[in-house]
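Visitor: What follows is a single structure, and I will ask about it in a moment.
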Amino acid sequence: MEPYHLPVTFFLALFTCQAARTVDPSTDLSCQLGSSVDLAMGLPKGADFTAIILHSVNRRKGVALWQAGHPVQVLNTHYSKRVTLTEDTRAFRIHHLGLEDTGTYNVYMQSPGSPTDVVLKAYTVFVFNVTATPAQLSNGSCSLDYLCEVGWPGVKYSWKNATSGDTVAQGDFLHLVLHPKGSKDQYTCMAQASSSRGSWDVTPYEHCHSMSGAAGYLKPALPRGSCLLSAALVVLVVVLS
């Protein structure tokens with residue numbers, strides 16, 4: 001097999017982002033820690049291209065490169081063995097998401113004879129880790145301490161009541177005292193980074209009702225704007241001893 005060489009224009013793409021033409025608005029995706037996300041290429045029908053590149057804006061490095069008829073080549077060791085191509089949707093799939101995968105990703109198209117790489121898609125991926133520490137109270141009630149985090153320095157957090165839309169806490173921490181009459185209430189952790197925003201919904205009373213006396217994983221409500229997941233959505237529940 002002949003050695004595979006990256007096209008020279010790939011290296012230029014890493015330094016000409018500002019000159020690239022954006023043809024699609026940015027999409028914000030909220031994902032669960034440990035799951036997978038699909039970043040569709042948005043390749044125009046009949047497009048003549050030499051390569052499609054997934055680029056991490058935060059890391060300022062290429063993530064993966066795809067050329068028709070070739071397997072995806074991972075360009076950064078951080079993503080080693082974690083990036084594949086979905087043939088049916090033509091998307092880069094990043095597996096086993098960690099908090100450090102939170103950030104902005106661009107999909108570039110290189111065309112023969114073109115000095116400028118076109119930005120086909122722009123994504124901001126928020127990888128959420130939400131933990132809940134419950135304590136049983138009397139009369140079917142409980143208290144819950146939630147901690148919400150994404151792997152992005154400088155993110156501003158807040159919590160909202162998903163039903164009323166009211167902000168109930170500023171910051172990543174939320175303390176609740178729950179009663180049976182509020183068993184349907186949902187709360188949303190909001191993470192704001194510049195002009196991008198991610199959100200993660202939880203139904204707290206389910207965590208009170210389902211406690212078994214041992215640490216475990218419980219399924220929350222689906223987040224709005226959820227990414228495509230390959231794993232079950234979970235909130236880690238730490239039971240007080």
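The values are calculated or read from the model by the stated rules, or taken from the named source; none is laboratory data. Quick caveat: nothing in here was measured; it's all calculated off a predicted structure. Please note: Cβ atoms are built from the backbone with ideal geometry, for glycine as well, and neighbour counts cover all protein chains shown.
Visitor: So for the stretch 99-109 (the condition being among the hydroxyl-bearing types (S, T, Y) and more than 14 Å from the chain's Cα centre (by Cα)), does at least one residue qualify? Even if it seems obvious, please write down each step before you answer.
Guide: So the first thing to find is which residues in the stretch 99-109 are among the hydroxyl-bearing types (S, T, Y), and the list is 102, 104-105, 108.
Applying the additional criterion that residues be more than 14 Å from the chain's Cα centre (by Cα) yields 108.
Looking through the stretch 99-109, at least one residue is among the hydroxyl-bearing types (S, T, Y) and more than 14 Å from the chain's Cα centre (by Cα).
Visitor: What residue, of V155, V177, V150, is surrounded by fewer than 16 Cβ atoms within 10 Å (Cβ to Cβ) and modelled with pLDDT of 90 or more?
Guide: Details: V155 fails: surrounded by fewer than 16 Cβ atoms within 10 Å (Cβ to Cβ); V150 fails: surrounded by fewer than 16 Cβ atoms within 10 Å (Cβ to Cβ).
Step by step, each of V155, V177, V150 is checked, and only V177 is surrounded by fewer than 16 Cβ atoms within 10 Å (Cβ to Cβ) and modelled with pLDDT of 90 or more.
Visitor: Check Y123 against each of (1) crowded, with 16+ Cβ neighbours inside 10 Å; (2) more than 16 Å from V150 (Cα to Cα) and name the one condition it does not meet.
Guide: (2)
Visitor: Another one. Give me the pairs: first residue in the stretch 59-88 and in contact (Cβ under 8 Å) with a residue 60 or more places away in the chain and of a type in the set (S, T, N, Q), second residue buried (at least 17 other Cβ atoms within 10 Å of the Cβ) and part of a strand (DSSP E or B), beta-carbon distance under 6 Å, and six or more apart or on different chains, which are they?
Guide: Pairs that qualify, where the first residue is in contact (Cβ under 8 Å) with a residue 60 or more places away in the chain and of a type in the set (S, T, N, Q) and the partner is buried (at least 17 other Cβ atoms within 10 Å of the Cβ) and part of a strand (DSSP E or B), are Q73/L65.
Visitor: Those residues that are of a type outside the set (S, T, Y) and either closer than 14 Å to P153 by Cβ or in a helix (DSSP H, G or I) (or both), I need them from the stretch 88-103; list them, please.
Guide: L99, E100, D101, G103, listed by residue number.
Visitor: Does Y79 meet the test of being buried (at least 18 other Cβ atoms within 10 Å of the Cβ), in contact with a helix residue (DSSP H, G or I) (Cβ under 9 Å, 6 or more places away or on another chain) and of a type in the set (F, W, Y)?
Guide: Working: buried (at least 18 other Cβ atoms within 10 Å of the Cβ): yes; in contact with a helix residue (DSSP H, G or I) (Cβ under 9 Å, 6 or more places away or on another chain): yes; of a type in the set (F, W, Y): yes.
Yes; evaluated as a whole, the condition is true for this residue.
Visitor: Got at least one residue in the stretch 215-224 being modelled with pLDDT under 60, within 19 Å of L99 (Cβ to Cβ) and outside any strand (DSSP E or B)?
Guide: yes
Visitor: List pairs: first in the stretch 101-117 and more than 16 Å from G46 (Cα to Cα), second small (G, A, S) and assigned to a strand (DSSP E or B), Cβ under 7 Å, 6+ apart or cross-chain?
Guide: What qualifies is G103/S56; T104/A122; Y105/S56; N106/A122.
Visitor: Mind checking which residues of the stretch 41-60 are in a loop (DSSP other than H, G, I, E, B) and closer than 23 Å to E100 by Cβ?
Guide: We begin by selecting, within the stretch 41-60, every residue in a loop (DSSP other than H, G, I, E, B); these are 41-50, 57-60.
Matches in the stretch 41-60: V57, N58, R59, R60.
Visitor: Can you work out which of the residues in the stretch 47-79 that are more than 14 Å from Y108 (Cα to Cα) and of a type in the set (S, T, Y) is nearest to the chain's Cα centre (by Cα)?
Guide: Only one residue tops the list, namely Y79.
Visitor: Would you mind stating whether D101 is at pLDDT 95 or above, within 30 Å of V202 (Cβ to Cβ) and of a type in the set (D, E)?
Guide: Numbers: at pLDDT 95 or above: yes; within 30 Å of V202 (Cβ to Cβ): yes; of a type in the set (D, E): yes.
Against the criterion (at pLDDT 95 or above, within 30 Å of V202 (Cβ to Cβ) and of a type in the set (D, E)), D101 qualifies.
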